[in-house]
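Encoded as structure tokens, the structure appears first; notes follow it.
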Amino acid sequence: MSQQLSTSAQKIQEKLQTLGFSSQVVELPASTRTAKEAAQAIGTSIEQIVKSLIFKARHSGKAILVVASGSNRVNEKRLSELVGEPIDKADADFVRQSTGFAVGGVPPLGHAQSLETYIDEDLLCYDDIWAAGGTPHAVFCLTPTDLQKMTDGRVVTIV
């Protein structure tokens, strides 16, 4: 673990503190870009990894955040129904523009703009879960309750 956090990871640490969460962002030498890599680097199950996925609403152009269990694949048809319009996978430029972070390091909070957020109900099955901390090497541990509070997300069946 690094002693001093990178700029993006420090931004998330400060946001967590400002909002009153006790989570600590850590940067690991191994990549946490994918759920599988994150689980291996942390030493936890892939199901306890929070994947922050960005989609783009086709008509309104708004960014949609889905925080899903690392083992789950988002049912895009179901997500379109929840959003109320067709959705598309966002490209890397849209992700960075909407969140302020690169793909592989998008945290569930601290974004460049407010995001409509959906939380995979499967994440509520665990005492502790792990989310990206602003870079492809940064993570932080949190509870599902904290995830709900920090994102103001709607808990849904996403698979």
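FYI, it's all coordinate maths here, none of it is from the lab. Computed from a predicted model, the values in this text were never measured in an experiment. As a convention, Cβ positions derive from the backbone with ideal geometry for all residues, glycine included, and neighbour counts pool all protein chains shown.
Structural remarks
- Total residues in segment 66-86, condition closer than 28 Å to residue 29 by Cβ and out of contact with any helix residue (DSSP H, G or I) (no Cβ under 7 Å at 6 or more places or on another chain): 1
- Scanning segment 42-70 for residues that are in contact (Cβ under 8 Å) with a residue 40 or more places away in the chain and over 17 Å from residue 115 (Cα atoms) turns up 42, 44, 47, 48, 49, 69.
- Some residue of segment 14-22 being over 14 Å from residue 140 (Cα atoms) and either in a loop (DSSP other than H, G, I, E, B) or within 14 Å of the chain's Cα centre (by Cα) (or both): yes
- Residues located in segment 89-103, provided they are surrounded by 13 or more Cβ atoms within 10 Å (Cβ to Cβ), touching a strand residue (DSSP E or B) at 6+ places or on another chain (Cβ under 7 Å) and without any contact (Cβ under 8 Å) to a residue 40 or more places away in the chain: 90
- Pick from segment 142-154, criterion of a type in the set (Val, Ile, Thr) and within 14 Å of the chain's Cα centre (by Cα), ranking: surrounded by the most Cβ atoms within 10 Å (Cβ to Cβ): 151
- Scanning segment 42-81 for residues that are assigned to a strand (DSSP E or B), small (Gly, Ala, Ser) and buried (at least 21 other Cβ atoms within 10 Å of the Cβ) gives 52, 63, 68, 69.
- Residue satisfying all of: in segment 119-142; part of a strand (DSSP E or B) and in contact with a Leu (Cβ under 9 Å, 6 or more places away or on another chain); farthest from residue 30 (Cα to Cα) among these: 119
- So residue 88, is it of a type in the set (Asp, Glu), on the phi < 0 side of the Ramachandran plot, over 15 Å from the mean Cα position of the chain (by Cα) and in a strand (DSSP E or B): yes
- Inspection of segment 128-138 finds a residue satisfying the criterion of being surrounded by fewer than 23 Cβ atoms within 10 Å (Cβ to Cβ) and over 12 Å from the mean Cα position of the chain (by Cα).
- Tally, over segment 102-159, of residues that are more than 20 Å from residue 17 (Cα to Cα) and polar (S, T, N, Q): 2
- Selection status of residue 33, under 17 Å from the mean Cα position of the chain (by Cα), over 16 Å from residue 128 (Cα atoms) and surrounded by fewer than 21 Cβ atoms within 10 Å (Cβ to Cβ): yes
- Residue 61 out of contact with any Pro (no Cβ under 6 Å at 6 or more places or on another chain) and at positive phi: yes
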